[in-house]
Amino acid sequence: MAETGSAASAFSEGTLRSTAGTAASKQLRSFVERIERLEEEKKGIADDIRDVFAEAKGQGFDTKIMRQVIRLRKKDTAERQEEEALLDLYLHALGMVPSGDPSDAASLAAE
């Protein structure tokens with residue numbers, strides 16, 4: 001299998017080399033440059049998010065809990081309830097929830 005992949009790769013490289021300056025190489029360059037620009041934008045957005053978390057932390061908010069809230073907000077209600085039920089089941093199975101109080105499982109989940 002590796003030989004087939006190598007042969008295909010060599011063919012592709014040979015084709016690109018022989019078509020240097022053609023539409024295919026220009027299109028490839030365009031794709032690569034677009035991806036590079038998007039990667040730069042992604043880094044900038046990640047830096048902005050990090051700054052917002054730092055600002056929230058400076059105001060006394062727990063950023064670990066904020067991240068968990070953001071993750072939960074991305075899920076629909078049914079998915080969130082299913083995960084909470086499984087978490088409760090697992091915690092009970094491990095004896096981590098005293099007296100079977102479901103609110104204890106929720107508080108452990110927040111940790």
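Farthest toward the positive end of the dipole of segment 18-61, out of ALA46, PHE61, PHE31, is the Cα of PHE31, where the dipole comes from beta carbon charges about the Cα centre.
What the Cβ-Cβ distance of GLU40 and LYS64 gives, at R0 = 25 Å and to the nearest 0.05, is a FRET efficiency of 0.30.
Each reported figure results from applying straightforward, stated rules to the coordinates on display, with no laboratory input. Bear in mind that the values here come from a model prediction, so they are computed numbers and not experimental data. Note that we place each Cβ from the backbone using ideal geometry, even for glycine, and neighbour counts take in every protein chain shown.
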